[in-house]
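The values are calculated or read from the model by the stated rules, or taken from the named source; none is laboratory data. Since the model is a prediction, treat every value here as computed from it, not as a measurement. Neighbour counts run over all protein chains shown; Cβ positions are idealised from the backbone, glycine included.
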Amino acid sequence: MSKEKSPQIVTIDGIEHNVDNFNEQQILLLNHTVDLDRKIGSTNFQLQQLQVGKDAFLKLLKDELAKPQDVVLAE
């Protein structure tokens, strides 16, 4: 019994392509596209973390500014 390798299909602009038929340049470009898509996802995740961190620090600052301040009177 031999296992047949199922084709790797990618869909670009609604058109299915069999990666097994790609030449070296096409495979390289596909790999770059996939890697950049992964990096964009990771960067969006990091951006969400940074936004939450900034919002938390801004809330802390607002809380500090809302506290009564000690007033020093000049003599």
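Remarks
- Test: Thr33 is among the polar types (S, T, N, Q) and exposed (fewer than 10 other Cβ atoms within 10 Å of the Cβ): no
- Breaking point among (1) outside any helix (DSSP H, G or I); (2) over 24 Å from the mean Cα position of the chain (by Cα); (3) not acidic (Asp, Glu), for Lys59: (1)
- Pairs where the first residue, in the stretch 40-69, is of a type outside the set (A, V, I, L, M, F, W, C) and the second is exposed (fewer than 10 other Cβ atoms within 10 Å of the Cβ), C-beta under 8 Å, 6+ apart: none
Residues checked against (1) modelled with pLDDT under 95; (2) surrounded by 10 or more Cβ atoms within 10 Å (Cβ to Cβ); (3) among the hydroxyl-bearing types (Ser, Thr, Tyr); (4) out of contact with any strand residue (DSSP E or B) (no Cβ under 8 Å at 6 or more places or on another chain):
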position: Glu16; (1), (2), (3), (4): no, no, no, no
position: Leu29; (1), (2), (3), (4): no, yes, no, yes
position: Ile40; (1), (2), (3), (4): no, yes, no, yes
position: Gln69; (1), (2), (3), (4): yes, no, no, yes
position: Glu75; (1), (2), (3), (4): yes, no, no, yes
